[in-house]
Amino acid sequence: MTFTSLNYLFFLGGVGLLYWLLPLKKQNILLLAVSYYFYAFVEIKLAIILAIYSVMTYLFGLLIERDRSHAKIYLLFSTFGAIGTLGYFKYSNFFISQVTKLISGYGLEINLATLYIIIPIGISFYAFQSLSYVIDVYNKKTNYRNNIIDVALFVSFFPQLLSGPIERSNKLLTQFENKRTYNIENITSGLALISWGFFQKLVIADNVGKICDSIFSADSPGFGLFWTGVLAFSVQIFADFSAYTDIARGSSRILGIELSKNFNNPWLSNSPTNFWKRWHITLSSWLRDYVYIPLGGNRKGTMIAIRNVIIVFLLGGIWHGASWNFVIWGFYHAVLVITETFVKQFQFVLRIPRILKVVLTTILFMFGWSFFRESDISYIVNNGFTGSPNTLFTLHLLVLIFIYTIPMFVFIIMIKKRHIVITRFNSYIMVILNTILGVICVTGILILGTTTTNDFIYYIF
Amino acid sequence: MKFRYLSILTLPVILIAYIALPAVPSLVLGYELEQFDHKSIEKLEQQNPSLIFLGNSILDTRIDPKTVSEITEIPTQSLAINGSAPGIWYLQLKNIIGQTSIKSPVVHIFFYDNLITQPISTTGRSDNNLIEPLLVYPEELFFSISRDTSWKDNLTLSIYPIIKRREEIKTYLNQFASLFSSIDSESVQFKIDSFGKRQIVLKPNTRKYYPFYEEIEKSFLPAIIQIAKEKKIDLVLVKTSKNPSVSTKIETQNLQKSYVENLSSYLNSNGVHFIDMTEVDWIDAAMFYDSAHIRSRYKIHYTELFTKNFIKNPS
């Protein structure tokens, strides 16, 4: 059941109706049951892995709390279990293929069969989320929870199960424990957010994605079209991922639960560090809190800080997929962040106008997206810097991309001015405004949506 | 408390607004069914081909009708429609080829996997722009077989018929872009294709195969054979090969084999010639850009080999 289907809307409507009729304890049981039902739609067998993760998360939290003297051992077991399982599913075939290449490089014949492994969808997200709970219990940043239903729901809550946001127990688990109240303003703003998510996916991401796919399917598009394709991809991936997050947040808000924001207008970033505070915020902050800071952050001198930045970004790269292009992508971003820390010590950097910084950051990140979109590095080298510019055709596609991107800029302006609206109008006006926004999005989808939709890009991560 | 009751009552009103208001543009702009395209009959009549090819992009990337004509010295035409499936081929056979005065044409239908026994008209989501110009109403048989749209799709289309005009509206956007680029909006896709297709990473074949005789009863194939007999059309079905590099599980391979055996005997018993290209040795992975389509640089080569092996020497 994909998020952008009528089936999902019927599912959410049914769940919402039943949910608000039930008392708190039963609400959580219902959410857990429907979360597994939702996940079983993808592949029923894979729900077992989700269940194992849930039970392990609960048990290790319990063991750490009850037996503090051996807490470190439990934490290690939990970490190796979560990361090991993730590694087996995501990286086994990559590892086998690399070993085969390495051995055959020495002239030895080896035939290691690749494994028929189905990667459990969303495992990268729920593995990190469950691990955060156990680490937080170990660090006494959160209380261990005795209620297995709540912990299992924290690992498997359906709106954010497949592609995040990666939540922390202090935020999400606490909400599961507290009473939620029905509020029409939340319902309408949830519906508006879902409609905007549908719009971003079906109108912006899928239409721009078609342009991107056409360009990247060409044998030798030339550098003009190649970079147009990369620009199209940077629009597509943002609209696609932001769409998923908004549908997740909207669905959750309808159920009275607030999920974290994953984006904060990344198009307005004025530096690499600033970009990572605005893009996939929950993953960036996870890596900062559970990898970068425990490794020493920037407290142990420049060289250690550089090492830590490289480790964090390589990990972030490989988290996205088992492929060298993601490793290169991660390393590229590490270089950008490290360079920024050195460059910003110069006075002239402070005098550069903000708009110029935004443009420069966008160009640098666009270059990075080429590694993200394309696994064949020779294709990037051959087409990114050589061949024909195809000026007129490039211009044609750039105009089309721009047209599809206009609603995103309108939305950015609306969000910026939102606080004025909220403070000026009462609840009922907000209900009406949210409904108008939602209706405009639905109408836009009917007129400009794609006939066939692709899966969300982040599903494969 | 008062607010809560009020808000519960407000919810149905909001939901109705979500359903009703987006239907307004449909009322304003409307949608009229596209009429049957009589010109396609006249055009084919003028061309008067003795060899006709039907199929989708699988055919379009494989067969160049001019090359076939040159080799065989037989007038040849391809009526390939990208994204088409048996429902459309049935309509083309009945309402276009069958309506011409061409004497006993030989019609080759190109398909892959088990598409020929699928009760669908398009390989992707149902596309009215492809189907409507081929319909001569009431088309009872076509609509009784076609499983292109679910009841949910039909309901959505009847409330919001503007969905059917999506592609038309998008051509306006293309035309707007043309103002800046002076590139003809209709040639955009052609322009992209002219850069050639690169080979993509292949996914394993996970297609489902159901028992043949269950599929055949629900499919367009019996109707296609019937029309061919009525209109005295010499029908040839061509099952194309997939990219040999696509990995297929043993169980699926066995299901495929039994499917081809059953299809072959069914066609034989109905007097239809069947060409199974799955085991042809001159097709290799380098010719494909994905699991099923041939790269443009191999189109002429493929056409020549196909024509010499299967048209000039049909045995």
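Okay, residues lined up against (1) modelled with pLDDT of 95 or more; (2) over 21 Å from the mean Cα position of the chain (by Cα); (3) under 30 Å from B:Ser104 (Cα atoms); (4) of a type in the set (Phe, Trp, Tyr):
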{"residue": "B:Val13", "(1), (2), (3), (4)": "no, yes, no, no"}
{"residue": "B:Leu33", "(1), (2), (3), (4)": "no, no, no, no"}
{"residue": "B:Asp37", "(1), (2), (3), (4)": "no, no, yes, no"}
{"residue": "B:Leu44", "(1), (2), (3), (4)": "yes, no, yes, no"}
{"residue": "B:Phe53", "(1), (2), (3), (4)": "yes, no, yes, yes"}
{"residue": "B:Ser57", "(1), (2), (3), (4)": "no, no, yes, no"}
Original post:
Based on what the data block shows, is A:Phe346 surrounded by fewer than 19 Cβ atoms within 10 Å (Cβ to Cβ) and modelled with pLDDT under 95?
Top reply: yes
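Could you check region A:4-39 and list, in sequence order, the residues that are of a type outside the set (A, V, I, L, M), within 22 Å of the chain's Cα centre (by Cα) and either under 17 Å from B:Thr156 (Cβ atoms) or surrounded by fewer than 13 Cβ atoms within 10 Å (Cβ to Cβ) (or both)? Steps first, answer last, please.
Applying the first criterion (of a type outside the set (A, V, I, L, M)) to region A:4-39 yields A:4-5, A:7-8, A:10-11, A:13-14, A:16, A:19-20, A:23, A:25-28, A:35-39.
After this cut, where a residue has to be within 22 Å of the chain's Cα centre (by Cα) as well, the list is A:4-5, A:8, A:35-36, A:38-39.
Matches in region A:4-39: A:Thr4, A:Ser5, A:Tyr8.
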Subject >> region B:252-302, residues that are under 20 Å from the mean Cα position of the chain (by Cα) and assigned to a helix (DSSP H, G or I) >> reply: B:Leu263, B:Ser296, B:Lys299
Original post:
When residues of region B:133-177 are filtered for being more than 10 Å from chain A (Cβ to nearest Cβ) and under 25 Å from B:Leu221 (Cα atoms), how many remain?
Top reply: 19
Original post:
Which condition number does B:Lys203 fail, the rest of (1) assigned to a loop (DSSP other than H, G, I, E, B); (2) surrounded by 12 or more Cβ atoms within 10 Å (Cβ to Cβ); (3) more than 9 Å from chain A (Cβ to nearest Cβ) being met?
Top reply: (2)
**OP:** Kindly indicate whether any position in region B:132-150 is surrounded by 12 or more Cβ atoms within 10 Å (Cβ to Cβ), polar (S, T, N, Q) and either on the phi > 0 side of the Ramachandran plot or within 20 Å of the chain's Cα centre (by Cα) (or both).
**Re:** yes
Original post:
Of (1) facing chain A (nearest Cβ under 9 Å); (2) part of a helix (DSSP H, G or I); (3) modelled with pLDDT under 85, B:Phe180 satisfies all except one. Which?
Top reply: (3)
Original post:
Quick one: A:Pro120 ticks every box in (1) within 30 Å of B:Ser247 (Cα to Cα); (2) surrounded by fewer than 23 Cβ atoms within 10 Å (Cβ to Cβ); (3) touching a Leu at 6+ places or on another chain (Cβ under 7 Å); (4) not acidic (Asp, Glu) bar one, so which box is it?
Top reply: (2)
**OP:** Return the only residue of A:Thr394, A:Thr435, A:Thr361 being part of a helix (DSSP H, G or I), within 21 Å of A:Leu191 (Cβ to Cβ) and among the hydroxyl-bearing types (Ser, Thr, Tyr).
**Re:** A:Thr435
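Looking only at region A:385-395, decide whether some residue is out of contact with any strand residue (DSSP E or B) (no Cβ under 7 Å at 6 or more places or on another chain) and either charged (D, E, K, R) or under 30 Å from A:Gly87 (Cα atoms) (or both). Please lay out each step first, then the result.
Residues of region A:385-395 out of contact with any strand residue (DSSP E or B) (no Cβ under 7 Å at 6 or more places or on another chain): A:385-395.
Subsequent filtering for residues that are either charged (D, E, K, R) or under 30 Å from A:Gly87 (Cα atoms) (or both) retains none.
Checked against the condition, which is being out of contact with any strand residue (DSSP E or B) (no Cβ under 7 Å at 6 or more places or on another chain) and either charged (D, E, K, R) or under 30 Å from A:Gly87 (Cα atoms) (or both), region A:385-395 yields no hits at all.
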Subject >> Residues within region A:138-194 that are within 23 Å of the chain's Cα centre (by Cα), within 19 Å of A:Leu17 (Cα to Cα) and hydroxyl-bearing (Ser, Thr, Tyr), tallied >> reply: 1
Original post:
With respect to A:Ala232, is the statement that it is surrounded by 24 or more Cβ atoms within 10 Å (Cβ to Cβ), away from chain B (no Cβ under 13 Å) and either closer than 27 Å to A:Trp276 by Cβ or without any contact (Cβ under 8 Å) to a residue 24 or more places away in the chain (or both) true?
Top reply: no
Original post:
If you check every pair at least six apart or on different chains, which have Cβ atoms under 7 Å apart with a residue in region A:194-216 that is at the interface with chain B (Cβ under 10 Å from one of its Cβ atoms) first and a residue that is surrounded by 24 or more Cβ atoms within 10 Å (Cβ to Cβ) and not in a helix (DSSP H, G or I) second?
Top reply: A:Ile215/A:Pro221
**OP:** Taking A:Trp329 as the residue in question, decide whether it is farther than 17 Å from A:Pro272 by Cβ, touching a residue at least 12 places away in the same chain (Cβ under 8 Å), surrounded by 13 or more Cβ atoms within 10 Å (Cβ to Cβ) and aromatic (Phe, Trp, Tyr).
**Re:** no
**OP:** Scan region B:6-22 for residues that are farther than 12 Å from A:Ile187 by Cα and at the interface with chain A (Cβ under 7 Å from one of its Cβ atoms) and report the count.
**Re:** 4
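If you check A:Gly16, A:Gly105, which single one turns out to be small (Gly, Ala, Ser), at negative phi and in contact (Cβ under 8 Å) with a residue 60 or more places away in the chain?
On the way: A:Gly105 fails: in contact (Cβ under 8 Å) with a residue 60 or more places away in the chain.
Sole residue among the options that is small (Gly, Ala, Ser), at negative phi and in contact (Cβ under 8 Å) with a residue 60 or more places away in the chain: A:Gly16.
I need a count of the residues in region A:41-69 that are under 25 Å from the mean Cα position of the chain (by Cα) and either β-branched (Val, Ile, Thr) or crowded, with 17+ Cβ neighbours inside 10 Å (or both).
From region A:41-69, those under 25 Å from the mean Cα position of the chain (by Cα) are A:41-58; that's our starting set.
If we keep only those that are either β-branched (Val, Ile, Thr) or crowded, with 17+ Cβ neighbours inside 10 Å (or both) too, we end up with A:42, A:44, A:46-50, A:52-58.
The total comes to 14.
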**OP:** Could you tell me whether any residue of region B:23-43 is more than 12 Å from chain A (Cβ to nearest Cβ), outside any loop (DSSP other than H, G, I, E, B), touching a helix residue (DSSP H, G or I) at 6+ places or on another chain (Cβ under 7 Å) and surrounded by 14 or more Cβ atoms within 10 Å (Cβ to Cβ)?
**Re:** yes
Subject >> Count of residues meeting criterion [part of a loop (DSSP other than H, G, I, E, B), over 20 Å from the mean Cα position of the chain (by Cα) and surrounded by 15 or more Cβ atoms within 10 Å (Cβ to Cβ)] in region B:206-217 >> reply: 0
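The values are calculated or read from the model by the stated rules, or taken from the named source; none is laboratory data. This one's a predicted model, so the numbers in the text were calculated from it and none came from an experiment. Reconstructed Cβ throughout: ideal geometry from the backbone, glycine too, with neighbour counts over all protein chains shown.
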